[in-house]
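Let me begin by presenting the structure, written as structure tokens, before commenting on it.
Laboratory data are not the source of any read-out in this text; all were calculated from the coordinates shown. This one's a predicted model, so the numbers in the text were calculated from it and none came from an experiment. Here Cβ is always computed from backbone atoms with ideal geometry, including for glycine, and neighbour counts include all displayed protein chains.
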Amino acid sequence: MPAGRRSHYCVFCSVTVTTYNLVATSTFGLESVVADELKLLGYTGLKVENGKVSFQGDAHAIARCNIWLRTADRVLIRMAEFAATDFGQLFDRTLAIPWEELIPENGRMHVVGKSVRSTLFSVPDCQSIVKKAVVEAMKRKHRRSWFDESGPTYKIEVALLKDHVTLTVDTSGAGLHKRGYRKAAGEAPIKETLAAGLVLLSRWKPSRILADLFCGSGTIAVEAALIGRNMAPGLNRQFAAERWPHLPEKVWADVRDEARRVSSRDPLAIRASDVDPAVLGTARKNARDAGVSDCITFREVAMEKFTAREKFGCIVCNPPYGERTGETTQVEKLCKNLGHMFTRLDGWSMFVLSAYPHFEKFFGRQADRKRKLYNGTIQCYLYQYFGPIPPKTH
Ligand SMILES: C[S@@+](CC[C@H](N)C(=O)[O-])C[C@H]1O[C@@H](n2cnc3c(N)ncnc32)[C@H](O)[C@@H]1O
């Protein structure tokens, strides 16, 4: 039985059910958040490793995870794992995988790769060996010598780490951060997946206020609104595996129907502000395109002027952290002002993503907890300041 999939006949529904070895990839630092999301979706037996969470699931799971996961980058099918230190081993082990069970005769076999600390270090060579082996496996099965590859895409990744090969097929297509609502962005937008991760890590409850005081293109506010209303982030986009003949269209349609049914139109108190009026225009448009503009209040306000009469709000934000030289003094002043502003708020919590290494010193208080996260390739910390637990009515 191949590592990628296993099939059994279900006597209750009279169909053959195929179980896949699935991998939800994530940015470093968000793995446990992805795992929590998977648990909430009902998946068990999760294996959490650096940058990925492995689990098993059927076609329905592929559709659900693509449509529902907020913090994962992609959903992959793991086809095989093995050791290889020469091209012969790589070819033979790849050839032994029954690719034809997943890839149809007209499938486009696109191979990508990466190699870290491995004997087989030439990525183009590894890609070409894997492509040859996959095509050879298909030739043997279909008894033909040529494939036009005019059909749906199967992006196969050969990943080598210390001579250990992992072969996966990508079910997502464009990364899951591409929800479809953010056509334009400000200067340094964070990925939608990271924004959702910040909101989930803040443990914000929809009954409370959420504020982003440096909202830029509005990503954190929009992701909070999607979470608060239980709206599936991938509802309005397409995925690579939707074009695969082995995954019935009905599975995707059922998951989308269910997602529409379970989302709410409950009012939310999300406040998003920024000093830049131009970027606020973009944020408003993004919120409209995401279908959540009615629950976010956008305002042109400098963080220094932010006040709130209500208690127990939650600030989630990523202020500028001085990417360019000569901006350090400005950033230090901003951190200091943020610290002062926070002391004026009654019972609020604050979660600040910053790459500025001396954030706490200038903010004026050590974080209750810190978490290392990556904003693209930039190492950051999420500085967490917990307010008091609100009474049950909040
Ligand atoms: C790193 S960006 C935020 C990106 C945002 N999370 C997104 O996804 O688009 C920082 C934002 O802070 C805003 N900003 C800078 N100084 C500010 C201040 N004192 N008060 C409010 N906003 C400020 C900038 O205009 C910029 O849009």
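Looking at segment 7-109, which chymotrypsin sites (Phe, Trp or Tyr not before Pro) are in a loop (DSSP not H, G, I, E or B) and have at most 13 other Cβ atoms within 10 Å?
Answer in residue order: 12, 28.
Going by the alpha-carbon gyration tensor, a ≥ b ≥ c the square roots of its eigenvalues, is segment 5-170 rounded (a/c under 1.5) or, if a/c is not under 1.5, prolate (a/b greater than b/c) versus oblate?
Taking the square roots of the gyration eigenvalues as a ≥ b ≥ c, segment 5-170 is oblate.
Counting alpha carbon pairs within less than 8 Å and at least 6 residues apart, what relative contact order, in whole percent, applies to segment 237-346?
22
As a test of the formula, what do you get for the chain when each DSSP H run with n ≥ 4 contributes -39,500 (n - 2.57) and the sum is divided by the residue count, at 222 nm and rounded to the nearest 500 deg cm²/dmol?
-9500 deg cm²/dmol
Highest GNM mean-square fluctuation, the chain, Cα pairs closer than 10 Å: which of 58, 170, 86?
Of the options given, 86 has the highest mean-square fluctuation.
Over the chain, what is the relative contact order in whole percent, taking alpha-carbon pairs under 8 Å and six or more residues apart?
Contact order relative to length: 14 percent.
Given segment 278-394, what count of lysine pairs have C-alpha atoms under 15 Å apart, with each pair 8 or more places apart or on different chains?
Final tally of qualifying lysine pairs is 6.
At residue 92 and residue 205, where each label point lies 7 Å from the Cα along Cα→Cβ, what is the point-to-point distance in nanometres?
So the label points at residue 92 and residue 205 sit 6.1 nm apart.
Enter the Cα centre distance for the pair segment 223-264 and segment 70-107, rounded to the nearest angstrom.
About 26 Å separates the Cα centre of segment 223-264 from the one of segment 70-107.
Note the count of lysine pairs whose C-alpha atoms are less than 25 angstrom apart in segment 5-170, limited to pairs 8 or more residues apart or on different chains.
Final tally of qualifying lysine pairs is 22.
Suppose R0 equals 25 Å; then what is the FRET efficiency for residue 60 and residue 80 from their Cβ-Cβ distance, rounded to the nearest 0.05?
Efficiency at R0 = 25 Å is approximately 0.60.
Which length gain, in nm to one decimal place, applies between residue 163 and residue 49 when the Cα-Cα distance is subtracted from 0.36 nm times their residue separation?
So the extension gain works out to 39.3 nm.
Starting from 0.36 nm per residue, how many nanometres of slack lie between residue 309 and residue 236 once their C-alpha separation is accounted for?
Using 0.36 nm per residue and subtracting the Cα-Cα distance, I get 22.6 nm.
According to the square roots a ≥ b ≥ c of the eigenvalues of the Cα gyration tensor, what is the shape class of the chain, taking rounded for a/c under 1.5, prolate for a/b larger than b/c otherwise, and oblate for the remainder?
Cα axes put the chain in the prolate bin.
Return the FRET efficiency for the residue pair residue 301, residue 123: r is the Cβ-Cβ distance, R0 is 45 Å, and the value is rounded to the nearest 0.05.
0.40
Which angle from 0 to 90°, rounded to the nearest 10, does the C-alpha axis of helix 328-343 make with the longest principal axis of the chain?
Here the helix axis deviates by roughly 70 degrees.
Out of 266, 346, 148, any idea which swings most in a Gaussian network model of the chain, alpha carbons joined below 10 Å?
148
In whole percent, what relative contact order does segment 81-150 give with Cα contacts below 8 Å and a gap of six or more residues?
So the answer I get is 44 percent.
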